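Asker: Next up is a structure, given as structure tokens.
We did not get these values from a lab; they are worked out from the coordinates using the rules stated. Note that this is a predicted model, so its numbers are computed, not measured. So basically every Cβ, Gly included, is an ideal-geometry build from the backbone, and we count neighbours across all protein chains shown.
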Amino acid sequence: MLRRLLKVFCLSLLMSFGTISGVSAADKTTVFVSIVPQKFFVEQIAKDLVDVQVMVEPGANPHIYEPKPAQMAAISKAKIYFAIGVTFEKAWLKKLASANPKMRIAHTDHGIQKMPMAAHHHGEGKDQKKEHHHHGILDPHVWLSPPLVMVQARNILTALQEADPAHRSAYEANHKAFITMLVELDGELRGILAGKRGLQFIVFHPAWGYFAHAYGLKQVPIEIEGKEPKPAQLKELIEHARKHQIKVVFVQPQFSTKSAEQVAKEIGGQVAFVDPLALNWAENLREVATKFKAVIK
């Protein structure tokens with residue numbers, strides 16, 4: 001009898017771990033996001049009510065990513081796909097939707113006016129001016145600006161509430177707490193970068209345009225429209241860095257550092273890493289702001 005009671009107790013205890021929030025692991029809604037930072041956003045609003053799967057795995061390049069067969073199979077069980085406008089979605093979003101016609105596609109960047117990708121054009125030649133004015137590739141990196149994440153958070157909230165109305169009030173409360181966190185983070189970043197308005201930093205890939213815009217900075221990219229710079233462009237960039245006494249070239253783990261290292265060598269500087277795809281999104285932005293503050297003059 002004692003053994004039987006112990007067995008029942010243990011079984012109940014194990015079951016409780018999957019239902020602490022009132023939702024068992026088996027009953028959780030499966031959702032997909034394109035990139036790692038979105039996982040952070042969705043989990044702030046949904047907490048443990050959903051199982052968040054990331055399409056572009058850590059370390060992969062979201063511009064050229066191709067979903068794996070296992071991910072395509074998992075998509076068939078997902079209720080929502082949170083898109084954000086990264087390049088691989090242009091080729092794959094329709095295919096993902098066709099793999100699960102019942103899955104809702106939520107465009108988290110809806111309502112955000114995107115800026116053209118930054119390009120470094122300081123020359124006065126006619127060709128350079130023409131290239132600058134016809135630069136029409138829109139910057140997808142909207143997750144790196146806390147004010148723009150507030151817009152994304154509202155879109156995430158709406159999709160979750162429509163897909164799972166039973167937990168509508170929980171999502172609303174979590175969203176409110178997330179917005180409070182974003183407002184506080186935005187204030188922190190403004191404090192860290194106070195007095196740096198108008199100053200420049202060099203990056204290989206122009207991922208930090210919205211961040212720079214939010215905090216009054218200017219990013220100077222090495223890469224131009226997804227391509228390595230030509231020798232003349234690289235020479236111009238090096239001269240620009242020397243003129244403005246820029247000594248650090250920022251790179252991200254998902255891209256080659258060859259051109260960045262070449263520029264750093266020519267200006268007597270160094271290469272430093274900043275990751276726009278980190279999961280610990282809020283802490284990562286604090287670290288990035290601190291790194292920018294330390295080097296821009």
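Asker: Which angle from 0 to 90°, rounded to the nearest 10, does the C-alpha axis of helix 146-163 make with the longest principal axis of the chain?
Answerer: 30
Asker: Using only the alpha-carbon atoms of the chain as identical scatterers, what base-10 log of I(q)/I(0) does the Debye formula give at q = 0.16 Å⁻¹?
Answerer: -1.28
Asker: Can you put Glu43, Glu228 in order, fewest other beta carbons within 10 Å first?
Answerer: Values: Glu43 17, Glu228 13.
By the 10 Å Cβ count, ascending: Glu228, Glu43.
Asker: If you don't mind, another one. Express in nm, to one decimal, how much length is gained between Ala194 and Lys230 on full extension, taking 0.36 nm for each residue of separation and deducting their alpha carbon distance. It would help to have the intermediate numbers written out before the result.
Answerer: Numbers: separation 36, 0.36 × 36 = 12.96 nm, distance 3.51 nm.
Net length gain for the segment: 9.5 nm.
Asker: Which distance in nm do the two modelled labels at Gln245 and His110 give, with both placed 7 Å along the Cα-to-Cβ direction?
Answerer: Between Gln245 and His110, the simple spin-label model gives 4.9 nm.
Asker: Share of antiparallel DSSP beta bridges in the stretch 158-297, in percent to the nearest 5?
Answerer: About 10 percent, rounded to the nearest 5.
Asker: I've got another one for you. Between Lys176 and Thr87, what is the spin-label point distance in nm, taking each point 7 Å from the Cα along the Cα→C-beta axis?
Answerer: Computed distance between label sites Lys176 and Thr87 equals 4.2 nm.
Asker: Hey, how many Å between the Cα centroid of the stretch 271-297 and the Cα centroid of the stretch 58-83?
Answerer: That distance is 26 Å.
Asker: Taking every DSSP beta bridge with both residues inside the chain, roughly what % is antiparallel (nearest 5)?
Answerer: Numbers: 2 of 24 bridges.
Taking every DSSP beta bridge within the chain, about 10 percent pair in antiparallel fashion.
Asker: Then there's this: Would you work out the relative contact order for the chain, in percent, from Cα pairs under 8 angstrom that are 6 or more residues apart? Present the calculation step by step, with values, prior to reporting the outcome.
Answerer: Numbers: 443 pairs, mean separation 49.2, N = 297.
That works out to 17 percent.
Asker: Next question. Between Glu66 and Thr290, what length comes free when the chain is fully extended (0.36 nm per residue of separation minus the Cα-Cα distance, one decimal in nm)?
Answerer: Computed gain between Glu66 and Thr290 is 77.3 nm.
Asker: To continue, here is another question. Roughly how big is the chain's charge dipole about its Cα centre, with Cβ charges of +1 (Lys, Arg) and -1 (Asp, Glu), in debye to the nearest 20? Can you show the working numbers first?
Answerer: Details: 37 positive and 28 negative charges, 44 e Å.
About 220 debye.
Asker: What trypsin sites (Lys or Arg not before Pro) does the stretch 194-231 have in DSSP loop regions with at most 14 other beta carbons within 10 Å?
Answerer: Details: sites: Lys196, Arg197, Lys218, Lys227; in loops: Lys196, Arg197.
Those that pass, being in a loop and sparsely packed, are Arg197.
Asker: Treat the count of other C-beta atoms within 10 Å as a stand-in for reagent exposure and order Thr158, Thr29, Thr180, Thr108 from fewest to most. Please report the intermediate quantities before stating the final value.
Answerer: Values: Thr158 15, Thr29 18, Thr180 10, Thr108 26.
Ranking Thr158, Thr29, Thr180, Thr108 by Cβ neighbours within 10 Å, fewest first, gives Thr180, Thr158, Thr29, Thr108.
Asker: Before anything else, pin down the relative contact order of the stretch 193-295: Cα pairs under 8 Å, at least 6 apart, normalised by residue count, whole percent.
Answerer: Numbers: 143 pairs, mean separation 27.7, N = 103.
Relative contact order for the stretch 193-295 comes out at 27 percent.
Asker: I would also like to ask the following. What does the extension gain come out to for Lys258 and Ile137, with contour length at 0.36 nm per residue minus their alpha carbon separation? List each step's numbers first, then the result.
Answerer: Details: separation 121, 0.36 × 121 = 43.56 nm, distance 2.37 nm.
Extending this stretch completely gives an extra 41.2 nm.
Asker: Assuming a ≥ b ≥ c are the square roots of the Cα gyration tensor eigenvalues, decide whether the stretch 151-297 counts as rounded (a/c under 1.5), prolate (otherwise, with a/b larger than b/c) or oblate.
Answerer: Numbers: a/c = 3.13, a/b = 2.09, b/c = 1.50.
In terms of gyration-tensor shape, prolate.
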